[in-house]
Amino acid sequence: MEIPSKYNPAETEEKWYRHWMAKRYFHSEPDEREPYTIVIPPPNVTGVLHMGHMLNNTIQDVLIRRARMQGKNACWVPGTDHASIATEAKVVAKLTQEGIDKSKLTREEFMKHAYEWKEKHGGIILEQLKKLGASCDWERTAFTMDESLYESVIDTFIDLYNKGLIYRGVRMVNWDPQAKTAVSDEEVIHKEVKSKLYYLRYAVDGSDDFLTIATTRPETILGDTAVCVHPEDERFKKFHGKKVIVPLVNRVVPIIVDEYVDREFGTGALKITPAHDIHDYELGIKHKLENIDIFNDNGTLNEKAQLYVGMDRFKVREVIIPDLEKAGNMVKIEDYVNKVGFSERTDAVIEPRLSTQWFLKMKELAKEALKVVEHDEIKFYPAKFKNIYRHWMENVRDWNISRQLWWGQQIPVYYLPNGEYVVAKSKEVALEKAKVQFDENLKLSDLKQDEDVMDTWFSSWLWPISVFDGIRYPDNEEINYYYPTNDLVTAPDIIFFWVARMIMAGLEYRKDVPFKSVYYTGIVRDKIGRKMSKTLGNSPDPIGLIEQYGADGVRVGMLLTAPAGNDLPFDESLCEQGRNFSNKIWNALRLVKGWQVDENLETPEYNRLAIQWFNAKMNQVADEVEQYYTQYRISDVLMSAYKLAWDTFCSWYLEIVKPGYLLPIDAQTYEQTISFFESLMKMLHPFMPFITEEIWHHLRERKEGEDIIISEMLIPQPWDNKILEAFDKAEQIIIGIRNIRKENNILNRDSIELKVREGENSECVFYPVISKLGNIEVIETVSEKPEGVLVFTVGAQEYYIPRSKNVDVETEINKIEEELDYTRGFLKSVIQKLSNERFVNNAPEAVVEKERQKQADAEARIQVLEEQLKGLQS
């Protein structure tokens, strides 16, 4: 195949992805091989690819491609989440644009619209993941509203209800007035906001006295049913047992006493609104207070408020102030900063509200789920997230699993005319149960199913089980083969939402953990540290990046600075670096494939040495890479492979073995170079799947099915460290020669001599390589420094290059004197440290020994430099 002068990512990516799909390389079926399984964190069906998805899915693809090359049966299950709140909001918005009111539709009509919207807009993100190179088993694509997954959720609800773990109760919940549904504590984001603190006077019933309270929410006074003071607060003891009159509505309510009151906040007297504050609610239960719910589900005031009926709560906050001033109840208004809860989904201000909901008891489930992480049956990377996990699990509250929506799995509860209910999989089964339990004359039309759906997380907590249909068929071949999965890659912000709950579900329904390791990615931030968001406009379009830099370039750019659990400071220049790397290895391919091979040519000694060295170096790096993989140091894996390819292979190895202009290369070196190139491509394939597949097919003629994606991953072999140490020394000698050439304007094409001072470090097995790269005509050993030479050192070993007549002696003297000044200053600082008794006595022995070695090296260097200076000045 002819190799184009420029690498074309778009053309290559489309070609190879289509090829892989046609070959069904991504597809998995249970067989005799060891399985390696990952389930994708299902993105919202409404979603489009963002930088967080890019990072997360690139890491998953690296792991799955490596497993495939290790000969494992790699299965990466993709899918999407139905995302109740977000999707319903989008469907309602679409209907509104079309002039359709949701409240005028039946549930079935609304669900039809929702599915139409999902079919049109859903799954975009999965198509975008293909552009990234994600090697998911697309034939297994799951959706949390698919029949099998839907039914699994229903079965789970019924089972947990029958076990006494699900119950129905009136509780104070976090109400989202925009989505018109309850949300869990974990879905509330608390933000610091600039508010006002309103001081209001409540008249004491039957006297001329007043009690002044302070509140940030004057609109809620319409639901007040008490005022509370601390029992030991001397200011209010005379009011114990009395009553006050709530402003504007003139409701007479008791003054209660409770140690809950913070005497330092506001005036020390607290208004109590049990229906609209969680703490007030608890006080209300304790003191048997009336609950007056003044809000509709959309945040407007209802008839129980008596005033401002139908007006939005924030509008009421504006208009009630002049009314309170006019009535003589307003004392003063102060600026105040406080934390307010916002809905994670809609960003609406959360309204604490009493509501009848379905709850799952979490205490026992959490206890077992904590144990498996504490005992490292599931390992977290990085381990610091164990502390966050422990905090969540030790402070767990019952999970509110019902949502006041239509899009989702409808709660399998059926109500009877008398208020009783039965839990069943269908209306028909419910009727049979109801007849037995309550009334044998009941008809199907008497039953009414609960309107609510289950929390979206109640379906996704089953994901590692339900994608293999392990809830409905707990002993099927797939669940027994693929479960537990191996690795989960996710963001730490859903450690409780999803990770913890999947562990609970796994232990409850499989008596086993759902995965063995959890890799937590960091948050992708811009280069000045801000979280990327649409609002800030600092989040680049991932597909745009792929079009500009190629998928491989973006993948490399993302992972070069993405250590597990730490935030990723993303800069587009990283993608440029990734693209440059693609171009570098492409140009290396063109160089190697452009060589003419002479079968009769003997292998030069410098090539034989280069092959021996690179083979050792490659095995050392392959071993290092394996260690990094086991520690989930994915960025370090990439960096090691990157340096091996760019620095070691391209900058050193190819420079050594490259034949002279228009000269051929020997067959053995060429064959070995192709083999090394193949091994490098295998090491890089999980990170750069497209270009490595393309280069793989240019390196040799391949048979059908001989693709890199299913080739065997490089297995490190033993290597000789001495050869690596010897080359490190040779590298320093070559750098020294090049520096002398540069500083003295000696052209690379002009051959030179190299004289080596006799000594214990004068030998080097790589002198043939040094001769080639340094264009050295003769290398000889001398017993003392010759006259008229340029000197450089490697450690304490001296090397001499005969000086040409063009050398500027004065410049050389200045350069050596500068280095002498620096080295003497360095030696002085080391001696000072070693003369400090506290340092010598308390520092580890290895640290002290290192300082002593620094002293010896500096003293030897000074001696060499002084001799060089003497030689130039003579």
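Let's see if you can work this out: charge +1 on each Lys and Arg Cβ, -1 on each Asp and Glu Cβ, no other charges. What is the dipole magnitude of region 769-831 about its Cα centre, in debye to the nearest 20? Walk me through the intermediate numbers first.
On the way: 7 positive and 12 negative charges, 39 e Å.
In debye, rounded to 20, region 769-831 gives about 180.
Could you work out how much longer the chain between Tyr167 and Glu428 gets when fully extended? Use 0.36 nm per residue separation minus the Cα distance between them, nm to one decimal.
Extra length available between Tyr167 and Glu428 comes to 91.7 nm.
Residues with amide H under 5 Å of Val331's amide H, sequence separation 5 or more or different chain, H placed in the peptide plane at 1.01 Å from N; which?
Residues meeting the amide H criterion: Tyr199, Leu200, Arg201.
Could you work out how much longer the chain between Ile710 and Thr811 gets when fully extended? Use 0.36 nm per residue separation minus the Cα distance between them, nm to one decimal.
Full-extension gain reported as 30.5 nm.
Using each residue's phi in region 554-563, evaluate 6.51 cos²θ - 1.76 cosθ + 1.60 at θ = phi - 60° and report the 3J(HN,Hα) Karplus result to the nearest Hz, with x for Gly and Pro.
Rounded to whole hertz, the list is 5, 4, 5, x, 5, 8, 4, 10, 10, x.
Shape verdict for region 533-674, please, from the Cα gyration tensor: rounded (a/c under 1.5), prolate (a/b greater than b/c) or oblate.
It comes out oblate by the Cα gyration axes.
Can you grab the distance from the C-alpha centre of region 196-225 to the C-alpha centre of region 113-153, Å, no decimals?
54
Express in whole angstrom the spacing between the alpha-carbon centres of region 549-626 and region 646-682.
Computed from Cα coordinates, the inter-centre distance equals 12 Å.
In region 573-664, carbon and sulfur make up what percent of the accessible area (probe 1.4 Å)?
44
Roughly how much of Ser783 is accessible, in Å² to the nearest 10, using a 1.4 Å probe?
Per-residue accessible area (Ser783): approximately 80 Å².
Kindly rank 52-60, 584-592, 105-113 from highest to lowest mean number of other beta carbons found within 10 Å of each residue.
So the peptides 52-60, 584-592, 105-113, ranked by packing, come out 52-60, 584-592, 105-113.
Determine the gain in length on full extension of the stretch Ile100-Lys326; use 0.36 nm per residue of separation and subtract their C-alpha separation, reporting nm with one decimal.
77.1 nm
Tell me, what ³J(HN,Hα) does each residue in region 28-40 have, in order and in whole Hz, if you take phi through Karplus 6.51 cos²θ - 1.76 cosθ + 1.60 with θ = phi - 60° and put x for Gly and Pro?
Using θ = phi - 60°, the values come out as 10, 10, x, 8, 7, 6, 6, x, 10, 10, 10, 9, 5 Hz.
If I take every Cα pair under 8 Å that is 6 or more residues apart in the chain, average their sequence separation and divide by the length, what percent do I get for the relative contact order?
Relative CO of the chain lands at 12 percent.
By per-residue mean of other Cβ atoms within 10 Å, what is the highest-first order of 73-84, 471-482, 739-750, 294-305?
Order by mean packing, descending: 73-84, 294-305, 471-482, 739-750.
With both bridge residues required to lie in region 733-827, what share of the DSSP beta bridges run antiparallel, to the nearest 5%?
55
Can you compute the charge dipole magnitude of the chain about its Cα centre, using +1 on each Lys and Arg Cβ and -1 on each Asp and Glu Cβ, nothing else charged? Give it in debye, rounded to the nearest 20. Before the final figure, lay out each step's value.
Working: 111 positive and 141 negative charges, 403 e Å.
With Lys and Arg at +1 and Asp and Glu at -1, about 1940 debye.
Looking at the square roots a ≥ b ≥ c of the eigenvalues of the Cα gyration tensor of region 565-630, which shape do they give, rounded for a/c under 1.5, prolate if a/b is larger than b/c, or oblate? Kindly include the intermediate steps, with their values, before the conclusion.
Details: a/c = 4.35, a/b = 1.62, b/c = 2.69.
The shape class here is oblate.
In region 358-511, carbon and sulfur make up what percent of the accessible area (probe 1.4 Å)?
On the way: 3200 of 6500 Å².
Within region 358-511, the accessible surface is 49 percent carbon and sulfur.
What accessible area per residue, rounded to a whole number of Å², is obtained for region 308-357 using a probe radius of 1.4 Å?
53
Which one, Leu444, Ala491, Asn418, is farthest towards the positive end of the dipole of region 381-512 when Lys and Arg carry +1 and Asp and Glu -1 on their Cβ?
My answer, from the dipole projection, is Ala491.
Is it possible to state the helix-based mean residue ellipticity at 222 nm for the chain, with each DSSP H run of 4+ residues giving -39500 (n - 2.57), the sum divided by total residues, to the nearest 500 deg cm²/dmol? What is it?
For the chain, the value works out to -13500 deg cm²/dmol.
What FRET efficiency do you get for Thr630 and Asp293 if R0 is 41 Å and r is their Cβ-Cβ distance, rounded to the nearest 0.05? Let's see the in-between values first.
Details: r = 56 Å, r/R0 = 1.38.
For Thr630 and Asp293, the calculated efficiency is 0.15.
Given R₀ = 60 Å, what would the calculated FRET efficiency be for Tyr260 paired with Glu758, taking r from the Cβ atoms and rounding to 0.05?
0.10
I'd like to know which of Ala67, Tyr7, His19 lies farthest towards the positive end of the charge dipole of region 4-69, counting +1 on Cβ of Lys and Arg and -1 on Cβ of Asp and Glu.
Tyr7
Given charges of +1 on the Cβ of Lys and Arg and -1 on the Cβ of Asp and Glu, with all other atoms neutral, how large is the dipole of region 461-614 about its Cα centre, in debye to the nearest 20?
For this selection, approximately 520 debye.
Would you tell me the accessible area of Phe677, worked out with a 1.4 angstrom probe on the heavy atoms of the protein chains, in Å² to the nearest 10?
In the full protein context, Phe677 sits at about 0 Å².
Computed FRET efficiency, Cβ-Cβ of Val252 and His279, R0 30 Å: what is it to the nearest 0.05?
0.85
Name the residue from Ala860, Ile770, Leu827 whose Cα lies farthest towards the positive end of the charge dipole of region 744-874, charges +1 on Cβ of Lys and Arg and -1 on Cβ of Asp and Glu.
Most positive-ward Cα: Leu827.
Which percent of the accessible heavy-atom area of region 135-230 goes to carbon and sulfur, probe 1.4 angstrom?
Carbon and sulfur atoms account for 43 percent of the accessible area of region 135-230.
Using label points projected 7 Å from each Cα along Cα→Cβ, tell me how many nm separate Glu14 and Glu477, to one decimal.
Modelled inter-label distance: 3.8 nm.
When a/c is below 1.5 the answer is rounded, else prolate if a/b is larger than b/c, else oblate, so apply that to region 94-247 with a ≥ b ≥ c taken from the square roots of the Cα gyration tensor eigenvalues.
Taking the square roots of the gyration eigenvalues as a ≥ b ≥ c, region 94-247 is prolate.
Which far-off residues, 5 or more places away or on another chain, put their amide H under 5 Å from the one on Asp452, with H placed in the peptide plane?
Placed amide hydrogens put Ile411 under 5 Å from Asp452.
Please work out the average accessible area per residue across region 24-170, using the 1.4 Å probe convention, and give it in Å².
Accessible area per residue, region 24-170: 38 Å².
Mind listing the long-range amide H neighbours of Phe295? Cut-off is under 5 Å, sequence gap 5 or more, other chains count too, H placed in the peptide plane at 1.01 Å from N.
Asn302
May I ask you to list the trypsin sites (Lys or Arg not before Pro) in region 498-573 that are in a DSSP loop and have at most 16 other Cβ atoms within 10 Å of their Cβ?
Lys511, Lys516, Lys527, Arg530, Lys534
Report Arg824's accessible area, 1.4 Å probe, all protein chains in place, as a number in Å² to the nearest 10.
110
Tabulate in residue order the Karplus-calculated ³J(HN,Hα) for region 829-840, using 6.51 cos²θ - 1.76 cosθ + 1.60 with θ = phi - 60°, rounded to whole Hz; enter x for Gly and Pro.
Running phi through 6.51 cos²θ - 1.76 cosθ + 1.60 with θ = phi - 60° gives 5, 5, 4, 4, 5, 6, 8, 7, 4, 4, 5, 5 Hz.
Take Ser517 and Tyr115, extend 7 Å from each Cα along the Cα→Cβ direction, and tell me the distance between the two endpoints in nm.
A separation of 4.2 nm, rounded to one decimal place.
For region 584-623, which GluC sites (Glu not before Pro) are in a loop by DSSP, counting at most 14 other Cβ atoms within 10 Å?
Glu599, Glu602
Out of all DSSP beta bridges with both ends in the chain, state the antiparallel percent to the nearest 5.
70
The values are calculated or read from the model by the stated rules, or taken from the named source; none is laboratory data. Treat the numbers as computed from the prediction; the structure is a model and nothing was measured. Heads up, the Cβs are rebuilt from the backbone with ideal geometry, glycines too, and the neighbour counts pull from every protein chain shown. Just the protein is used for accessible areas: all its heavy atoms, side chains included, with ligands, DNA and RNA removed. Shrake-Rupley method; radii C 1.70, N 1.55, O 1.52, S 1.80 Å.
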